[in-house]
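Remarks on the structure that follows.
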């Protein structure tokens, strides 16, 4: 069983539910909870849920998905989640970086509004935050994973150990690979 808790109320839940539906992972319960809150309160809420379900008898994975945005406790939220045995799929600065990486490598910080402009150009249509983008980009997922890994490697080589300084970066690819791996095991 996998539980996915997202900060975003619509974009991230829509994206992960689209993957769940496409992969037909009905036997594996992926709970996407968009709480639209900040990073630390999301982590605290997910930890509370994990503690409530601790004795459910299933081999369960717990994931939190959130953006850096302007959250001052971004680094602490990642550390706290990991210390509680949760996996983190973060995006610095925003989830839209993951979408852009489907089309191209991006290694410079550009700011939230520029992400939207860039996505509009790449999609050849107006990017709307809460649109179902999955169907438009799913065939480019391998490219996004490769680009995200390249970004991580670049930050590792630069010895950027502080998550908030790894801008841009995303670890969403780790969760995507996990979901794809689960499908292969079925």
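The values are calculated or read from the model by the stated rules, or taken from the named source; none is laboratory data. Because the structure is predicted, anything quoted here is derived from the model rather than measured. When we count neighbours, we look across all protein chains shown, and the Cβ atoms used for this are built from the backbone with ideal geometry, even at glycine.
Tabulated values for the structure
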read-out	value
Residue in region 153-175 that is closer than 20 Å to residue 14 by Cα, more than 17 Å from the chain's Cα centre (by Cα) and surrounded by 15 or more Cβ atoms within 10 Å (Cβ to Cβ) present	no
All positions within region 29-47 that are surrounded by fewer than 18 Cβ atoms within 10 Å (Cβ to Cβ), modelled with pLDDT under 70 and more than 10 Å from residue 9 (Cβ to Cβ)	29, 31
Filter result for residue 90 (within 23 Å of residue 146 (Cα to Cα) and free of Cβ contacts under 8 Å to residues at least 24 places away in the same chain)	no
Residues of region 93-130 satisfying the condition of being more than 22 Å from residue 167 (Cα to Cα) and touching a residue at least 40 places away in the same chain (Cβ under 8 Å)	130
Residues of region 58-107 classified as in a helix (DSSP H, G or I) and farther than 19 Å from residue 46 by Cβ, total	5
Matching residues in region 131-152 - criterion: being in contact (Cβ under 8 Å) with a residue 40 or more places away in the chain, under 13 Å from residue 101 (Cβ atoms) and surrounded by fewer than 17 Cβ atoms within 10 Å (Cβ to Cβ)	143, 150
